[in-house]
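The values are calculated or read from the model by the stated rules, or taken from the named source; none is laboratory data. All of these numbers come straight from a predicted model, not from anything done at the bench. Here the Cβ positions follow ideal geometry from the backbone for every residue, glycine too, while neighbour counts run over all protein chains shown.
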Amino acid sequence: MSAVLAPVTPTRQLTGHSVVFVHAHPDDEAIFTGAVMHALARGGARVTLVVATDGHAGQDLTGEGRHVGRVRARELRRAAAVLGVHELVTLGWGDSGIGTETSTVALARQPITTVAEQVGEIVERVGADTLVGYDEGGIYPHPDHVAVHRIVAAVARKQKDLSYYEATVDAETLARQEVRHLVLGANDAVRRAGAASVPVGLPTSRIGARYRARPGDFAAKVTAMRAHSSQIDAAHLQQEDLHSAYGVEWFTRSGPAGAIDSLLNA
């Protein structure tokens, strides 16, 4: 399903760039790349957000027993609008959960080529010059995150003229922050479910690009995170020094320099 959203009022410094972000679940876009997405849109780039799953395996923090997939779809639309996304595309695959999903439509059960074809068609349709996925560990080892890495990497290998970025986190930096980044708690949940222990993110030495969010981009990111209230506890976002955990976003890159490098140099 695709929806065209109202963008933020852009400047023209990044006009001509078309960037596709691929994320696993509703809320991942805000947590890991929200500031960069907003900055790109603010600079005039065309930002397309592709979300692979419906997120139905997530818990609803309200405890109201609602249909989580539908709730998260509404939250995603609100967050995408805040971040200046031009087009939101949901692929409609099922949330694989943490080793519990047996549905035939779960993302982690799909052939990589099948979903890569979906993403590749979107990349071609919007004329993307820049593609963003996840690092080889999925940022953290949720089955859907690992699947997104494999899917987006397959698209990048086939379309070699793309600037291909992988979103990650600097594990060494996060370990020193007073505010505990949400990905660390998510990784704890994976470990409790019996998955193999895999480090979160990448070491500092492997990270090639860091975006230190400007105040407006950080504010938009936090607002987008707040939109995902079924998944992110409001109290978490009221902590002091929130910027220490979420004020920088990290990427690696292969292929030619693209929109994110242009953003860093703007």
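Inside the range 81-96, can you point out the residues that are aliphatic (A, V, I, L, M) and in a strand (DSSP E or B)?
First, pick out the residues of the range 81-96 that are aliphatic (A, V, I, L, M): 81-83, 85, 88-89, 91.
Of everything in the range 81-96, those that are aliphatic (A, V, I, L, M) and in a strand (DSSP E or B) turn out to be 88, 89, 91.
Which of the residues spanning the range 26-81 are at positive phi and out of contact with any Pro (no Cβ under 9 Å at 6 or more places or on another chain)? Don't jump to the end; show me each part of the working.
Taking the range 26-81 as the starting set, the residues that turn out to be at positive phi are 27, 44, 55, 63, 65.
Passing the criteria: 27, 63, 65.
Residues that are at pLDDT 95 or above, closer than 17 Å to residue 177 by Cα, surrounded by fewer than 19 Cβ atoms within 10 Å (Cβ to Cβ) and of a type outside the set (Gly, Ala, Ser) are absent from the range 225-233. The combined condition, being buried (at least 16 other Cβ atoms within 10 Å of the Cβ), of a type in the set (S, T, N, Q) and part of a helix (DSSP H, G or I), is fulfilled by residue 262.
Residue-by-condition table, conditions (1) buried (at least 21 other Cβ atoms within 10 Å of the Cβ); (2) farther than 23 Å from residue 253 by Cβ; (3) modelled with pLDDT of 90 or more:
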{"residue": "3", "(1), (2), (3)": "no, yes, no"}
{"residue": "39", "(1), (2), (3)": "yes, no, yes"}
{"residue": "42", "(1), (2), (3)": "yes, no, yes"}
{"residue": "64", "(1), (2), (3)": "no, yes, no"}
{"residue": "93", "(1), (2), (3)": "yes, yes, yes"}
{"residue": "99", "(1), (2), (3)": "no, yes, no"}
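When the residues of the range 202-221 are narrowed to those that are touching a residue at least 60 places away in the same chain (Cβ under 8 Å) and hydrophobic (A, V, I, L, M, F, W, C), which ends up nearest to residue 81 (Cα to Cα)?
Applying the filter and picking the extreme gives 220.
Does residue 126 satisfy the criteria of being β-branched (Val, Ile, Thr) and buried (at least 20 other Cβ atoms within 10 Å of the Cβ)? No: the conditions fail for residue 126.
Taking the stated definitions as given, is residue 228 under 17 Å from the mean Cα position of the chain (by Cα) and of a type outside the set (Gly, Ala, Ser)? Considered against the rule, which asks whether it is under 17 Å from the mean Cα position of the chain (by Cα) and of a type outside the set (Gly, Ala, Ser), residue 228 comes out as yes.
Residues in the range 153-183 that are farther than 18 Å from residue 34 by Cβ, hydrophobic (A, V, I, L, M, F, W, C) and surrounded by fewer than 19 Cβ atoms within 10 Å (Cβ to Cβ): 154, 175. Restricting attention to the range 235-259, and to residues there that are among the small types (Gly, Ala, Ser) and in contact (Cβ under 8 Å) with a residue 24 or more places away in the chain, which single residue is surrounded by the most Cβ atoms within 10 Å (Cβ to Cβ)? Once the filter is applied, the top-ranked residue is 259. Determine if the range 67-80 includes at least one residue that is within 19 Å of residue 211 (Cβ to Cβ), surrounded by 20 or more Cβ atoms within 10 Å (Cβ to Cβ) and within 16 Å of the chain's Cα centre (by Cα). Yes, there is a match, as at least one residue in the range 67-80 is within 19 Å of residue 211 (Cβ to Cβ), surrounded by 20 or more Cβ atoms within 10 Å (Cβ to Cβ) and within 16 Å of the chain's Cα centre (by Cα).
Scanning the range 186-197 for residues that are of a type in the set (Val, Ile, Thr) and part of a strand (DSSP E or B) turns up nothing. Among all positions in the range 127-150, there is at least one residue which is of a type in the set (Ser, Thr, Tyr), at pLDDT 95 or above, on the phi < 0 side of the Ramachandran plot and not in a loop (DSSP other than H, G, I, E, B).
In the range 223-233, what count of residues is obtained for those that are in contact (Cβ under 8 Å) with a residue 60 or more places away in the chain and assigned to a helix (DSSP H, G or I)? Reasoning before the result, please.
Here is the first cut: in the range 223-233, the residues in contact (Cβ under 8 Å) with a residue 60 or more places away in the chain are 223-225, 227-233.
Next, only the ones that are assigned to a helix (DSSP H, G or I) stay: 223-225, 227.
Here the count works out to 4.
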